[in-house]
1. Of the numbered conditions (1) in contact (Cβ under 8 Å) with a residue 60 or more places away in the chain; (2) crowded, with 20+ Cβ neighbours inside 10 Å; (3) in a helix (DSSP H, G or I), Ala147 satisfies every one except a single condition; which is it?
2. Return the only residue of Leu72, Leu81, Leu125, Leu88 being farther than 21 Å from Leu181 by Cα and touching a residue at least 24 places away in the same chain (Cβ under 8 Å).
3. Give the residues of region 151-204 that are open to solvent by 20 Å² or more (accessible area, probe 1.4 Å), hydrophobic (A, V, I, L, M, F, W, C), free of Cβ contacts under 8 Å to residues at least 60 places away in the same chain and in contact with a Gly (Cβ under 8 Å, 6 or more places away or on another chain), sorted by residue number.
4. Can you find a residue in region 73-89 that is assigned to a helix (DSSP H, G or I), within 18 Å of Asp160 (Cβ to Cβ) and touching a Lys or Arg at 6+ places or on another chain (Cβ under 9 Å)?
5. May I ask you to list pairs of residues, at least six apart or on different chains, whose Cβ atoms are under 9 Å apart, with the first in region 96-114 being farther than 16 Å from Ala147 by Cα and open to solvent by less than 60 Å² (accessible area, probe 1.4 Å) and the second being acidic (Asp, Glu) and not in a loop (DSSP other than H, G, I, E, B)?
6. Can you tell me which residues in region 115-133 are open to solvent by less than 60 Å² (accessible area, probe 1.4 Å) and of a type in the set (A, V, I, L, M)?
7. Considering only region 41-82, state which residues are polar (S, T, N, Q), near ligand 1 (Cβ under 8 Å from one of its atoms) and surrounded by fewer than 17 Cβ atoms within 10 Å (Cβ to Cβ).
8. Is it the case that region 144-163 has a residue that's more than 28 Å from Arg105 (Cβ to Cβ) and polar (S, T, N, Q)?
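The values are calculated or read from the model by the stated rules, or taken from the named source; none is laboratory data. Values in this document were obtained by computation on a predicted structure and should not be read as measured data. Please note: Cβ atoms are built from the backbone with ideal geometry, for glycine as well, and neighbour counts cover all protein chains shown. The accessibility values were calculated without ligands, DNA or RNA, using every heavy atom of the protein model including side chains. Shrake-Rupley method; radii C 1.70, N 1.55, O 1.52, S 1.80 Å.
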Amino acid sequence: GTVIEASHISQSFTSEKGNETTVLDDISFDLHEGEIVAILGRSGAGKSTFLRILAGLIPPSTGQVSYRDKELNGPNPGVALVFQTFALMPWLSVKDNVELGLEARGIPRAQREKMALEAIDAIGLDGFESAYPKELSGGMKQRIGIARALVLQPDALFMDEPFSALDVLTAENLRQEVLKLWNDNQSGIKSILIVTHNIEEAVQMADRVVVLGSHPGHLIAQVPVDLPRP
Ligand code: ADP
Ligand code: ADP
């Protein structure tokens, strides 16, 4: 089935001088169950903007996004995000960072705790529940970011340059960890959308690579990846 459907998305920004720049121009795209899709493109091509529109964080200038056939009118309830620079709360422990989104959903404390510990285990952070982000390496910080997304039990996991801030070895370890999670199929995640400028990462992880071109923000290629995942 189709998890997210974006039709005829365009996005323009107006500068302070009043000049209008078109970042995305009439893009249609479907995200299906069971696939990992990579969005590849240079810096400034509009990848993050596109991800945020699909996540319902910004309304597109024109076009519409649906989640499970329901048109979005705010944050996409089927999506959880992982960010390049982790976006953790430094004053909260690992467990409290992971629980934060559940608190916002009004889930009772005991259940929050159980769900958080499961997500922490799933991404290999067990033993670090009481640590604070500043005590941990970049790879471990991003594991917190991933646990915080997993705990929301999203249909679609959106990752915006999730490994770009990590050294090559840590990035490779974490890519493998995410693929293990995907293959284990325990998390309930139906699809992954990953934004990257790293073509090797895109090919390694994705079933389909979508290339976003700058000038003026078209999908310039959609390529199925015919390789077994490692
Ligand atoms: P990418 O993720 O591919 O690097 P982005 O989506 O971050 O690209 O940005 C695409 C273009 O849109 C850039 O030129 C950026 O400066 C511009 N842009 C993004 N967000 C805004 C905004 N809120 N206001 C004005 N310009 C923006
Ligand atoms: P990765 O996240 O890919 O495993 P890291 O360099 O982040 O790579 O961490 C490697 C290992 O070192 C982790 O799996 C963890 O067991 C351990 N580790 C990382 N940070 C700490 C820390 N602050 N204290 C103790 N062990 C740590």
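1. (1)
2. So the residue among Leu72, Leu81, Leu125, Leu88 that is farther than 21 Å from Leu181 by Cα and touching a residue at least 24 places away in the same chain (Cβ under 8 Å) is Leu88.
3. If the condition is that a residue be open to solvent by 20 Å² or more (accessible area, probe 1.4 Å), hydrophobic (A, V, I, L, M, F, W, C), free of Cβ contacts under 8 Å to residues at least 60 places away in the same chain and in contact with a Gly (Cβ under 8 Å, 6 or more places away or on another chain), then Leu166 is the only one that fits.
4. No; the residues of region 73-89 include none that is assigned to a helix (DSSP H, G or I), within 18 Å of Asp160 (Cβ to Cβ) and touching a Lys or Arg at 6+ places or on another chain (Cβ under 9 Å).
5. Correct list of pairs: Ile107/Glu99.
6. As a first pass, look at region 115-133 and keep what is open to solvent by less than 60 Å² (accessible area, probe 1.4 Å): 115-116, 119-120, 122-125, 129, 131, 133.
Of everything in region 115-133, those that are open to solvent by less than 60 Å² (accessible area, probe 1.4 Å) and of a type in the set (A, V, I, L, M) turn out to be Met115, Ala116, Ala119, Ile120, Ala122, Ile123, Leu125, Ala131.
7. To start, the set of residues in region 41-82 that are polar (S, T, N, Q) comprises 43, 48-49, 61-62, 64, 66, 73, 76.
Narrowing further to those that are near ligand 1 (Cβ under 8 Å from one of its atoms): 43, 48-49.
Hit for region 41-82 is Ser43, nothing else.
8. no
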